[in-house]
Amino acid sequence: MKFLATLLLLLLLFAAAAAGYFWYCVEKPFGSYPPEGTFVGIQHGASSRSVARLLKKEGVIRSAVAFEIYARRHQKRTLQAGEYFFDHPVSGKDVFWSIANGNVYQRPFTVREGETMFDIARELEAGGFLGAEDFLDAARKPELIQDLAPQAKTVEGFLFPATYNLPRHPSAKALVTEMTQKFREQWGQIAPSANADNTGGVLAHGAPLLATVTLASLVERETPKPEERLLVAGVFENRLKKGMLLQCDPTVIYALEQEGRYNGTLSVKDLRTESPYNTYMHGGLPPGPIGNPGAISLRAALAPADTTFLYFVANTQGGHFFSSTLTEHNQNVNRYHRLLAGEPADPPAGPPAQASRKIPPAKKRKGSGR
């Protein structure tokens, strides 16, 4: 009897110690990480036991057994696949819920308004996300937007400017899909009544979606000022109606970028580059977008300003001087050059001309004797 009592006591003490250790492993922070932290990749369909062993191997949890027991107590929650990042000690319970909630490692990546697919590719590579050519290979396949723009040769123009939360090494195809899906979502808000049909991407207002996005990309690249975009779109629309060349510098830059020849400056020789994108040599819009416009420029392309302006030139303040005639435009070009030289935009007016008049003889002062 005494032996049984002793055995029972020992069993109780052992159970208490085990329960205490389980509580300690689950509740108390654990982990010692290198300065750069530790990444742990969870595969699809991985069991709680295999996840526990992996976490233990990587030094993230104190006990694989305790983690597995805790996971089995929450069988309705599935451990989500993905890559997880740990850089400071946390409890086993917190590790479990982080994985169960799918808090995978992500970094923000921002596509700015007007950026080309070449810009995006370079920035992805510089950020260590993926190779530039991998992204460009995916962006050159227009299948993702064929229903919207059947004539598109790439997805340029449809990589919507926004901040995307990316895994450490995203798939180029998945990223392009996400960016074009973002365009679809935003376009549905920008033009809910101008949806493309299923046979040609023609909008309710009569212009193909590809042409609208192309015009928006020219507007985006021409001015950084949102308040000018309606006017710039109006200028381009007026020139198109009159059969005038658009003479848009960014289209030439894009032609050079396609050939890998743009060095940051544009010369007179460059304006004679033979390319369907060169609007100094070819009439109408270029064959596709020259960048990825944001919502303001897309709205401007849908409803340009009703204006008589046909020309604009930079004002050195980020904006432009607008004019309706070539004479006015040439005057504005002169103003631009004066500003570049550090002079006032308009030359100072000369002294006012004085009209000649006959000066009357001086009157004698009283008492002067004259």
_Going residue by residue through segment 38-50, is there one that turns out to be at pLDDT 90 or above, within 25 Å of Q106 (Cβ to Cβ) and among the aromatic types (F, W, Y)?_
yes
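Out of everything in segment 276-302 that is farther than 17 Å from E156 by Cα and part of a loop (DSSP other than H, G, I, E, B), what residue ends up being nearest to the chain's Cα centre (by Cα)?
Pass one, segment 276-302, residues farther than 17 Å from E156 by Cα: 279-284, 296, 299-300, 302.
After this cut, where a residue has to be part of a loop (DSSP other than H, G, I, E, B) as well, the list is 279-284.
Details: T279: 25, Y280: 28, M281: 30, H282: 29, G283: 29, G284: 27 Å.
Here the residue is T279.
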*Return a yes/no flag: does segment 319-341 have any residue that is out of contact with any strand residue (DSSP E or B) (no Cβ under 9 Å at 6 or more places or on another chain), part of a loop (DSSP other than H, G, I, E, B) and at pLDDT below 90.*
yes
*asked:* Condition first: touching a strand residue (DSSP E or B) at 6+ places or on another chain (Cβ under 8 Å), within 20 Å of L215 (Cβ to Cβ) and surrounded by fewer than 21 Cβ atoms within 10 Å (Cβ to Cβ). Now tell me which residues in segment 136-174 satisfy that.
replied: Q151
*asked:* Quick check on my filter: what residues within segment 303-347 are more than 30 Å from T163 (Cα to Cα), within 32 Å of the chain's Cα centre (by Cα) and in contact (Cβ under 8 Å) with a residue 60 or more places away in the chain?
replied: D306, T307, F309, L310, Y311, F312, F322
_Check on L130, assigned to a loop (DSSP other than H, G, I, E, B) and assigned by TED's automatic domain parsing to the domain that holds R49_ = no
_Odd one out for A204 among (1) modelled with pLDDT under 95; (2) aliphatic (A, V, I, L, M); (3) in contact with a helix residue (DSSP H, G or I) (Cβ under 8 Å, 6 or more places away or on another chain)_ = (3)
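Take the residues in segment 72-127 that are assigned to a loop (DSSP other than H, G, I, E, B) and on the phi > 0 side of the Ramachandran plot, then tell me which one is surrounded by the most Cβ atoms within 10 Å (Cβ to Cβ). Let's see the steps before the verdict.
Filtering segment 72-127 down to residues assigned to a loop (DSSP other than H, G, I, E, B) leaves 73-81, 87-89, 91, 101-106, 111-116, 127.
After this cut, where a residue has to be on the phi > 0 side of the Ramachandran plot as well, the list is 102, 114.
On the way: G102: 13, G114: 22.
So, considering only residues that are assigned to a loop (DSSP other than H, G, I, E, B) and on the phi > 0 side of the Ramachandran plot, the one surrounded by the most Cβ atoms within 10 Å (Cβ to Cβ) is G114.
Is it fair to say T273 is closer than 28 Å to L148 by Cα, surrounded by 15 or more Cβ atoms within 10 Å (Cβ to Cβ) and polar (S, T, N, Q)?
On the way: closer than 28 Å to L148 by Cα: no; surrounded by 15 or more Cβ atoms within 10 Å (Cβ to Cβ): yes; polar (S, T, N, Q): yes.
Here the answer is no, as T273 does not meet what is asked.
The values are calculated or read from the model by the stated rules, or taken from the named source; none is laboratory data. Quick caveat, the model's predicted, so the values are computed rather than measured. Please note: Cβ atoms are built from the backbone with ideal geometry, for glycine as well, and neighbour counts cover all protein chains shown.
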